[in-house]
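Working notes, beginning with the structure itself.
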Amino acid sequence: MKFLILLLCFLNLTYAYDESKQIHVIHPLQDNQEATLLLAQMQKNIQTYLYETPLSSYEYFNKKSSHLGSQALITWIHGDLYLKDLAASPAPSVRPTLNNMHNTHLGDYRYDIFTLLSDLLLKMQEDSDFSGSKETAILGSLVDGYFDKLSKQKLQCPSIDNALIGIKENDLLSRYTEISNKKRHFKITKPTIKRVPKNKIHALEKKMNTYFSKFNLLPVKDIVLNEYGNYLLLCEGKTTKQNDDIIFILSASTLPVSYQLNKKMKKSYQFKSVIDKPDVISSFNQTDFAGTISLNNQRLFVEKLNPSLKLQPLSEITRVYKEYAAALGFMLASYHANPQLKSCNKFTKKVKNQVNPRRVKIELISMVYAYNETLEQKWEDFSDKKFISLK
């Protein structure tokens with residue numbers, strides 16, 4: 001009996017360790033306490049579980065995609081792309097912007113569609129009561145919107161206006177910062193923000209002030225860590241006006257999940273992904289701030305923090321969800337077919353000449369439903385186990 005109890009405890013610990021290891025793959029600057037909090041969130045919410053276990057989803061995709069009839073064309077992708085990462089600038093010039101942009105690398109375009117469809121299916125199952133046929137039709141609208149945009153580069157998506165939540169650029173400052181004694185600083189009262197140890201501040205400030213000076217920006221005013229272990233920096237901007245301040249994010253530059261599991265892809269595209277990534281991100285988000293720094297022998301990726309300009313359906317009506325899904329597909333295609341990038345232009349031409357959109361739609365939606373069953377079971381098994389804190 002004692003042996004059985006010890007065995008169960010070991011299995012629980014092994015399971016939690018495996019998930020924790022995945023978290024550290026994408027958030028390597030986290031400490032163990034933060035990883036434990038995320039593990040607890042993952043047990044409560046299947047979408048969080050999907051976001052934080054990219055090794056599992058890519059491993060599934062990598063295995064199943066080798067049997068698909070559609071082609072594995074390569075373009076710049078966001079890596080693990082979900083609903084929360086898709087963003088758009090507000091009118092009058094609606095354009096795509098990236099959140100979690102440090103994950104961007106060269107890879108199979110179908111993986112982005114796969115993860116986005118998986119997330120959308122979970123959202124529908126959680127928020128709505130659609131029949132299976134309606135779910136499939138909505139998922140199909142995402143793929144249709146994707147290929148419509150690829151076939152007509154100048155196409156505008158009217159449903160984005162309906163799905164885009166209005167937000168102003170300065171909302172980021174009000175969300176993360178406050179003013180006291182006529183000086184702006186980060187809100188340490190927020191549970192997701194904490195101070196950086198003093199022994200790390202000086203070297204980081206010196207490095208970042210040198211980096212920002214290349215863009216004629218004034219020095220750093222404040223530095224904190226977010227819940228994922230990434231640095232947030234409050235920069236003075238180009239003037240001393242308080243509303244001119246800019247928030248930047250520094251994330252550890254890590255090996256993309258697909259390159260960890262797919263050795264052939266890693267060998268073919270890793271070097272180009274690393275070298276070209278800053279220019280790619282700048283073209284996506286239309287800023288010149290993207291780049292990398294080295295600190296204590298660690299490579300960090302720098303970019304301006306974007307507002308969470310989310311897309312979401314305005315009601316649970318099937319038609320509205322279809323428009324929302326089409327807007328998601330349109331947005332994804334805007335990344336993959338970025339006209340400023342040579343590799344994206346090559347990808348677009350190949351899609352037009354070589355890809356059968358109907359086949360891609362049928363294959364990926366079928367894969368998503370199969371993965372959904374696997375994901376549900378894995379999440380239930382993980383949630384049913386007694387959580388063991390990893391110290």
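The values are calculated or read from the model by the stated rules, or taken from the named source; none is laboratory data. The structure presented is a predicted model; accordingly, all values stated were derived computationally and were not measured. Methodologically, a virtual Cβ is constructed for each residue, glycine included, from the backbone with ideal geometry; neighbour enumeration extends over all protein chains shown. Note: areas computed on protein heavy atoms with side chains; ligands, DNA, RNA excluded. Shrake-Rupley method; radii C 1.70, N 1.55, O 1.52, S 1.80 Å.
For the range 229-262, the tally of residues that are free of Cβ contacts under 8 Å to residues at least 24 places away in the same chain and within 21 Å of residue 81 (Cα to Cα) stands at 1. Please verify whether the range 214-228 includes one or more residues that are of a type outside the set (S, T, N, Q), touching a residue at least 60 places away in the same chain (Cβ under 8 Å), open to solvent by less than 60 Å² (accessible area, probe 1.4 Å) and in contact with a strand residue (DSSP E or B) (Cβ under 6 Å, 6 or more places away or on another chain). So far as the range 214-228 goes, yes, one or more of its residues are of a type outside the set (S, T, N, Q), touching a residue at least 60 places away in the same chain (Cβ under 8 Å), open to solvent by less than 60 Å² (accessible area, probe 1.4 Å) and in contact with a strand residue (DSSP E or B) (Cβ under 6 Å, 6 or more places away or on another chain). Criterion first (open to solvent by 50 Å² or more (accessible area, probe 1.4 Å) and either farther than 20 Å from residue 56 by Cβ or touching a Ser or Thr at 6+ places or on another chain (Cβ under 7 Å) (or both)) does residue 316 satisfy it? For residue 316, the condition - open to solvent by 50 Å² or more (accessible area, probe 1.4 Å) and either farther than 20 Å from residue 56 by Cβ or touching a Ser or Thr at 6+ places or on another chain (Cβ under 7 Å) (or both) - is met.
Results for (1) farther than 19 Å from residue 98 by Cβ; (2) among the hydrophobic types (A, V, I, L, M, F, W, C); (3) modelled with pLDDT of 90 or more, shown as yes or no for each residue.
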{"residue": "309", "(1), (2), (3)": "no, yes, no"}
{"residue": "320", "(1), (2), (3)": "yes, yes, no"}
{"residue": "332", "(1), (2), (3)": "no, yes, yes"}
{"residue": "340", "(1), (2), (3)": "no, no, no"}
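Filter the range 185-213 down to residues that are among the charged types (D, E, K, R) and farther than 22 Å from residue 173 by Cβ and give me whichever is surrounded by the fewest Cβ atoms within 10 Å (Cβ to Cβ). Among those that are among the charged types (D, E, K, R) and farther than 22 Å from residue 173 by Cβ, it is 198.
Do you know which of the residues in the range 283-294 that are open to solvent by 20 Å² or more (accessible area, probe 1.4 Å) and in contact with a strand residue (DSSP E or B) (Cβ under 9 Å, 6 or more places away or on another chain) is farthest from residue 204 (Cα to Cα)? The qualifying residue farthest from residue 204 (Cα to Cα) is 286. Within the range 324-332, is even one residue of a type in the set (A, V, I, L, M, F, W, C), under 21 Å from residue 74 (Cβ atoms), in contact with a Pro (Cβ under 7 Å, 6 or more places away or on another chain) and open to solvent by less than 60 Å² (accessible area, probe 1.4 Å)? Checked the range 324-332: at least one residue is of a type in the set (A, V, I, L, M, F, W, C), under 21 Å from residue 74 (Cβ atoms), in contact with a Pro (Cβ under 7 Å, 6 or more places away or on another chain) and open to solvent by less than 60 Å² (accessible area, probe 1.4 Å).
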